[in-house]
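I have placed the structure first, in the form of structure tokens, so that the comments after it can refer back to it.
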Amino acid sequence: MTFDLRAALLKKAEVETARLVDFEFRLRARTMRLLAARIGAEPEALVARIVRADDAMIVAELAQARGLAFEALELDYRQSAAKARTQLVAERGDPSPYRLA
């Protein structure tokens, strides 16, 4: 029986990719929940939008629908994203990929 380095590296890549995608999804969902709290929107409805559009489009649509200044809403979004990332890193650890060496 021999050790298959290629299979081991592929498995590691799959695990790392899954971990990073999970972190990214959690970050987007938490960012939208925090943004909803800042602007007085329904959190579940805002989180549901992440499957249909990217964050920039969601912020633009919100600004237009609510009659808010895009720049102010974008600032709220960036602050929410920073807070969400800080919370997630504290809870789940840094998402940086682990290196072999």
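Within segment 13-20, does at least one residue satisfy the condition of being within 16 Å of the chain's Cα centre (by Cα), of a type in the set (A, V, I, L, M), part of a helix (DSSP H, G or I) and surrounded by 11 or more Cβ atoms within 10 Å (Cβ to Cβ)? Yes: one or more hits. Residues that are among the hydrophobic types (A, V, I, L, M, F, W, C) and more than 23 Å from E91 (Cα to Cα) within segment 14-47 comprise I39, A41, A45, listed in sequence order.
For segment 88-98, check the following and say yes or no: at least one residue is in contact with a helix residue (DSSP H, G or I) (Cβ under 8 Å, 6 or more places away or on another chain), open to solvent by less than 100 Å² (accessible area, probe 1.4 Å) and in a helix (DSSP H, G or I). So far as segment 88-98 goes, yes, one or more of its residues are in contact with a helix residue (DSSP H, G or I) (Cβ under 8 Å, 6 or more places away or on another chain), open to solvent by less than 100 Å² (accessible area, probe 1.4 Å) and in a helix (DSSP H, G or I). Set side by side, the residues L68, L46 differ, and just one is open to solvent by less than 80 Å² (accessible area, probe 1.4 Å) and either part of a helix (DSSP H, G or I) or in contact with a Phe, Trp or Tyr (Cβ under 8 Å, 6 or more places away or on another chain) (or both), which is L46.
The values are calculated or read from the model by the stated rules, or taken from the named source; none is laboratory data. Note that the coordinates shown come from a computational prediction; the quantities given were computed from them, not determined experimentally. Using ideal geometry, Cβ is built from the backbone for each residue, glycine included, and neighbour counts are taken over all protein chains shown. Accessible surface is based on the protein model in full, side chains and every heavy atom, while ligands, DNA and RNA are left aside. Shrake-Rupley method; radii C 1.70, N 1.55, O 1.52, S 1.80 Å.
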